[in-house]
Each structure stands twice: as C-alpha cells, then as structure tokens.
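The values are calculated or read from the model by the stated rules, or taken from the named source; none is laboratory data. Bear in mind the structure is a predicted one, so any value in this text is a computation, not a measurement. Please note: Cβ atoms are built from the backbone with ideal geometry, for glycine as well, and neighbour counts cover all protein chains shown.
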Amino acid sequence: MNWNRQKRAATVGDRQVDLKRPLGIVLEEDENGNVYVEAVAPRGNAARTGMVKKGDVVTMCSATFGDQMWNCRGVGLTRVLAAIRVRAGPNVSLVFESTDEKGDKWKNTAKSIEKAEEARARAQLKKDELLSELEDDEKKIKRGFFGLF
C-alpha cells in the first residue's frame, strides 16, 4: 500500500531493533528486492537483543541522521547496506517483520479500517439525528410561543 511506503517512523505494531555496529547479521535479497536476514551471528549484537531471527524481512531502516526512518521494501540489498553504512553514529535502527507477523498485520489493518468505517457511519448517523432535532426546534420557534405569536 502507498501509505506504507510513505511512513517515516515505526508504528506501534512494528518490531524496531536498535543495533550497535557491527550488527552481527548477514543480509540477503529475494527476487522481489526485499532484504531478509540470512543468518544471525551467535555472539553478535543482533543475537544479544534476542529480537532478530533468521528469515526476518527488513522493512525499515534509520535515516542518515536523526530519528526518521525510511521504508526499504523492495529497494534491494545494495541500498539497504548503503543506508546502514552511511548512518551517523554507532547505532542503526531496523524494523523487522517475520512472515507470521505480516499476515497478522494485514488482518489488524483490515480490522482497523473496518472499525474506522463503522465509526464514521455512526458519527454521520448521530450528526443527521442532531440536525433533524435542530430543524424541529427551529420550526417550533418559528411557530411562536405556545402558538400565540
């Protein structure tokens, strides 16, 4: 989805891992240009966090400096490695997604969209009811006080 490509920060459901260099992971690229973890060094910085597993897909990487992140789905191994290499400072933030999490995220996204649509429908219904009451009150006021005026 287009909104997913425009994100500049990790969201609540994302698994963001801050790693010191050297990262202690071997990255590889699949046929779609997605970068995934081929191997985790047993005593490396990634293994120490316990949050990086073999097969995890790298979905976001920290920008050159600051707290912003950029989406790296389908950009290829060369660009992801370049982003990690040029990152200022000793730490790099990466967002990982396993294949199990991907399905759950799509379900949660679909549910949140559905809930938002329901909330909009309820709000519109409430708005219509309030407008109807307002129009009734205005008609009563125009008729005058107890029908005398």
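Output yes when any residue across the stretch 125-142 is within 30 Å of ASN32 (Cβ to Cβ) and either at pLDDT below 90 or not in a helix (DSSP H, G or I) (or both), and no when none is. No, the conditions are met nowhere in the stretch 125-142. Among the residues of the stretch 105-124, those identified as polar (S, T, N, Q) and either at pLDDT below 90 or not in a helix (DSSP H, G or I) (or both) are ASN108, THR109, SER112. The set of residues in the stretch 64-104 being touching a residue at least 12 places away in the same chain (Cβ under 8 Å), of a type in the set (A, V, I, L, M) and over 14 Å from TYR36 (Cβ atoms) consists of MET69, ALA83, ILE84, VAL86, ALA88, VAL92. With a requirement of 2 or more residues that are modelled with pLDDT of 90 or more and surrounded by 13 or more Cβ atoms within 10 Å (Cβ to Cβ), the helices (runs of 4 or more DSSP H) lying completely within the stretch 1-104 that satisfy it span 45-49, 77-86.
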